[in-house]
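The values are calculated or read from the model by the stated rules, or taken from the named source; none is laboratory data. Bear in mind the structure is a predicted one, so any value in this text is a computation, not a measurement. With ideal geometry, Cβ positions are generated from the backbone for all residues, glycine too; neighbour counts draw on all protein chains shown. Accessible surface is based on the protein model in full, side chains and every heavy atom, while ligands, DNA and RNA are left aside. Shrake-Rupley method; radii C 1.70, N 1.55, O 1.52, S 1.80 Å.
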Amino acid sequence: MPYPFQLGFQDATSPIMEELLYFHDHALMVVFLISSLVLYIITLMLTTKLTHTSTMDAQEVETIWTILPAIILITIALPSLRILYMMDEINNPVLTVKTIGHQWYWSYEYTDYEDLSFDSYMIPTSDLKPGELRLLEVDNRVVLPMEMTIRMLVTSEDVLHSWAVPSLGVKTDAVPGRLNQVTLMSTRPGLFYGQCSEICGSNHSFMPIVLEMVPLKYFEEWSASML
């Protein structure tokens, strides 16, 4: 969960999110160096009265400031493409869960089980228990096994939605008539919160997502109790 006055991202829970954080820091450092260089050059131009006439029309300078930005863009593009292909990769998922967006709640179907499905509504503020988070708690959490590749099939029944869990680096649009696919894996147990990230109507901000990542043993016990 984020905390007040937090400047960075939430703590990474999945390998993909860790890579995204590394790439964010990498790109931010490149932008910082470019901004510092430009600010330094502008300061020199404003503070010095000397003019070097031979550099005003120098082919070498123009060549450098044409090639250098291209190199910088390559250093940003290559890691970005690598992560993009990693996010689209499917590695033999052990479990498939179908997520359906409604106005304004989520429903989940564990397709590997015969009759394991439920709706997930936000708990009203008046019904919250001590310690529960307002606008983020749901009546039915999505329980998943940790340290295993899980495939999420995301779609919608009515309007556009977006199924997003920031700490897992997952955000997928739920489009009516279309089945989008995303994989996730948690490296540690815990509760991970998300929300609908699409302006799907007046109550789009009241569609929380709660994933409960547990060891495989507890997941099997939970699934047996739900059937």
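On inspection, Tyr40 fails the criterion of being within 20 Å of the chain's Cα centre (by Cα) and free of Cβ contacts under 8 Å to residues at least 60 places away in the same chain. Take the residues in the stretch 102-118 that are open to solvent by 30 Å² or more (accessible area, probe 1.4 Å) and closer than 23 Å to Pro215 by Cα; name whichever of them is nearest to the chain's Cα centre (by Cα). Looking at residues that are open to solvent by 30 Å² or more (accessible area, probe 1.4 Å) and closer than 23 Å to Pro215 by Cα, I get Glu109. A count restricted to the stretch 81-137 and to residues that are polar (S, T, N, Q) and in contact with a His (Cβ under 8 Å, 6 or more places away or on another chain) stands at 0.
Has the stretch 158-166 got at least one residue that is closer than 17 Å to Ala224 by Cβ, touching a residue at least 12 places away in the same chain (Cβ under 8 Å) and assigned to a loop (DSSP other than H, G, I, E, B)?
Within the stretch 158-166, the subset closer than 17 Å to Ala224 by Cβ is none.
No - not one qualifying residue is present in the stretch 158-166.
Looking across the stretch 1-33, the residues that are under 25 Å from Glu212 (Cβ atoms) and part of a loop (DSSP other than H, G, I, E, B) come down to Met1, Pro2, Tyr3, Pro4, Gln6, Gly8, Phe9, Gln10, Asp11, Ala12, Thr13, Ser14.
If you go through the stretch 198-210 one residue at a time, do you hit one that is within 23 Å of Ile83 (Cβ to Cβ) and surrounded by 14 or more Cβ atoms within 10 Å (Cβ to Cβ)? There is at least one residue in the stretch 198-210 that is within 23 Å of Ile83 (Cβ to Cβ) and surrounded by 14 or more Cβ atoms within 10 Å (Cβ to Cβ).
Scanning the stretch 154-197 for residues being buried (at least 20 other Cβ atoms within 10 Å of the Cβ) and of a type in the set (Asp, Glu) gives a total of 0.
When you look at Gly131, is it under 18 Å from Trp104 (Cα atoms), of a type in the set (Gly, Ala, Ser) and open to solvent by 30 Å² or more (accessible area, probe 1.4 Å), yes or no?
Numbers: under 18 Å from Trp104 (Cα atoms): no; of a type in the set (Gly, Ala, Ser): yes; open to solvent by 30 Å² or more (accessible area, probe 1.4 Å): yes.
No.
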